[in-house]
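Derivation of every value follows stated rules applied to the coordinates shown; laboratory data play no part. Predicted model only: the values in this text are computed from it and were never measured. Note that each Cβ is placed from the backbone with ideal geometry, even for glycine, and that neighbours are counted across all protein chains shown.
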């Protein structure tokens, strides 16, 4: 096999590998965004103040949209989808005569996620972080239609109106772990 032929063959294989990796990455990224959109927390918040608590985070009645206190008509999910869509695939290879492939994936950082998911009533706090680590105040949350910022309830400051605790759930961290596992599972 001549050196020129080897170089051409290696170049062709690298091109095909890059195309395959890029295609696999795009499919895995689409699955990640879909997993996010189908997650019970996302679906509950997207449904607004009239949604049932399909995430299982609140004991009793109410939902995340009104408990967190989002403004009626706002879409707190959209900035997260845009950020997830910005996940990038970077491909590189070594010299033209060696078959060596490297790639890097850039996911949004937790800090970026937290920055685009602020609590409507607490600057510097993230509702996404709260979903995974806990949100206080459930005992003071009164579910009631057509009141409060969300139109689905208010926080009562004077006394407890319910029992139970917020049940934190794995959310973005689980979705990222699944994405990374899927990327690690790519076979060439």
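For the chain, modelled as a GNM with alpha-carbon contacts under 10 angstrom, which of 90, 39, 133 fluctuates the most?
Looking only at 90, 39, 133, the biggest GNM fluctuation is shown by 90.
If I take every Cα pair under 8 Å that is 6 or more residues apart in the chain, average their sequence separation and divide by the length, what percent do I get for the relative contact order?
25 percent
How much mean residue ellipticity at 222 nm does the chain get from its helices, if each DSSP H run of length 4 or more adds -39500 (n - 2.57) and you divide by all residues, to the nearest 500 deg cm²/dmol?
Using -39500 (n - 2.57) per qualifying helix, the result is -13500 deg cm²/dmol.
Going 7 Å from the Cα of residue 112 in the Cα-to-Cβ direction, what parts of segment 144-183 have a backbone nitrogen less than 19 Å from that spot?
Backbone N within reach: 171-183.
Kindly put 77, 186, 45 in sequence by how many other C-beta atoms sit within 10 Å of each C-beta, fewest to most.
Listed from fewest to most nearby Cβ atoms, that is 186, 77, 45.
In Å and on Cα atoms, what radius of gyration and Dmax does the chain show?
22.6, 84
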